[in-house]
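**Student:** Have a look at this one before I ask anything.
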């Protein structure tokens with residue numbers, strides 16, 4: 001693991017807000033030359049700390065008005081392999097996030113849908129038919145915010 | 001404005017690979033670079049394409065533990081949500097906050113360097129948040145899929 005100084009943390013914070021900023025623009029804002037900023041970003045990428053970009057869309061404007069988080073418990077533990085469940089669930093286009101968790105549920109899913117009727121279709125036809133799926137709990141997302149975390 | 005088929009095609013390819021240069025994105029979407037650039041500008045202007053964020057790998061930064069904490073709040077107090085949320089924003093280890101309609105009211109994503117630090121954060125910073133009626137924890141084992149994909 002690499003050591004980060006305050007400048008590295010400031011660069012990470014800036015890129016987490018807008019990843020399209022050039023090394024030159026970032027450098028000017030943080031008192032670095034363009035090559036120095038570029039080298040630091042490069043180092044953060046090579047250490048695996050910066051691991052790509054996320055496109056942020058206005059989902060409602062594109063017709064996807066509903067986001068639902070599902071907690072899924074597998075019913076037949078041991079009989080259905082986790083790999084089979086994971087392969088099937090990641091192939092569903094409406095499923096954005098799949099997390100294997102420990103606790104009340106086995107998996108957490110983030111599902112997008114056009115509206116509640118569309119969500120019901122995805123739930124019944126796609127989710128409830130997954131191999132091994134048991135109890136499912138749904139919570140409709142009202143708001144979300146990303147925080148800078150320990151970089152802030 | 002509303003997005004037409006060409007806009008959706010461009011966004012679909014951008015979501016699949018956010019690191020693509022405009023010329024490559026144009027090639028995949030089957031439009032000229034100039035058209036692609038113009039379309040992206042228009043989508044940005046209309047607030048449909050909100051931006052691109054760098055994805056930070058907290059594990060690569062030494063945060064080995066990530067826990068999803070699900071809260072039910074004591075809603076007999078009308079200020080419960082606001083006070084809980086503003087107190088949660090003060091906890092540096094909180095990297096995400098979501099509010100829900102359902103059995104769960106709020107979810108916090110909390111990271112820690114190890115279980116000892118997590119236990120410390122949990123006792124000192126989480127259990128002391130106001131208006132908590134109930135907490136459930138889901139410990140993240142693995143993220144199988146995390147994509148801001150939309151079935152466009």
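The values are calculated or read from the model by the stated rules, or taken from the named source; none is laboratory data. Computed from a predicted structure; not experimentally measured. Methodologically, a virtual Cβ is constructed for each residue, glycine included, from the backbone with ideal geometry; neighbour enumeration extends over all protein chains shown.
**Student:** Please go through (1) under 21 Å from residue B:140 (Cα atoms); (2) more than 7 Å from every other protein chain (Cβ to nearest Cβ); (3) modelled with pLDDT of 95 or more for residue A:148 and return the number of the only condition it doesn't satisfy.
**Tutor:** Here residue A:148 meets the rest and fails (3).
**Student:** Quick one: count up the residues across the stretch A:60-69 that are in a strand (DSSP E or B) and either at pLDDT below 95 or more than 10 Å from chain B (Cβ to nearest Cβ) (or both).
**Tutor:** Looking only at that region, the number is 1.
**Student:** Looking only at the stretch B:13-54, which residues are in contact (Cβ under 8 Å) with a residue 40 or more places away in the chain and under 19 Å from the mean Cα position of the chain (by Cα)?
**Tutor:** Those that are in contact (Cβ under 8 Å) with a residue 40 or more places away in the chain and under 19 Å from the mean Cα position of the chain (by Cα): B:15, B:16, B:48.
**Student:** Here is a check on your reading of the model: is residue A:57 facing chain B (nearest Cβ under 7 Å) and touching a helix residue (DSSP H, G or I) at 6+ places or on another chain (Cβ under 8 Å)?
**Tutor:** Details: facing chain B (nearest Cβ under 7 Å): yes; touching a helix residue (DSSP H, G or I) at 6+ places or on another chain (Cβ under 8 Å): yes.
Here the answer is yes, as residue A:57 does meet what is asked.
**Student:** Right, here's the next one. Being closer than 22 Å to residue B:113 by Cβ and assigned to a helix (DSSP H, G or I) is the filter here; which residues of the stretch A:1-14 pass it?
**Tutor:** Matches in the stretch A:1-14: A:6, A:7, A:8, A:9, A:10, A:11, A:12, A:13.
**Student:** Would you mind listing the strands (runs of 3 or more DSSP E) fully within the stretch B:61-147 where at least 2 residues are free of Cβ contacts under 8 Å to residues at least 12 places away in the same chain and not assigned by TED's automatic domain parsing to the domain that holds residue B:16?
**Tutor:** So the answer is B:94-101, B:132-146.
**Student:** So which residues in the stretch B:23-48 are over 16 Å from residue A:57 (Cα atoms) and exposed (fewer than 15 other Cβ atoms within 10 Å of the Cβ), if there are any at all?
**Tutor:** Across the stretch B:23-48, the qualifying residues are B:23, B:24, B:30, B:32, B:33, B:34, B:35, B:38.
**Student:** Continuing with this model, one more query. Could you please find all residues in the stretch B:9-21 being surrounded by 15 or more Cβ atoms within 10 Å (Cβ to Cβ) and not in a loop (DSSP other than H, G, I, E, B)?
**Tutor:** Once the filter is applied, which keeps residues that are surrounded by 15 or more Cβ atoms within 10 Å (Cβ to Cβ) and not in a loop (DSSP other than H, G, I, E, B), the stretch B:9-21 yields B:9, B:10, B:11, B:12, B:13, B:14, B:15.
**Student:** Among the candidates A:121, A:146, A:126, single out the residue that is in contact (Cβ under 8 Å) with a residue 40 or more places away in the chain and either out of contact with any helix residue (DSSP H, G or I) (no Cβ under 7 Å at 6 or more places or on another chain) or buried (at least 17 other Cβ atoms within 10 Å of the Cβ) (or both).
**Tutor:** A:146
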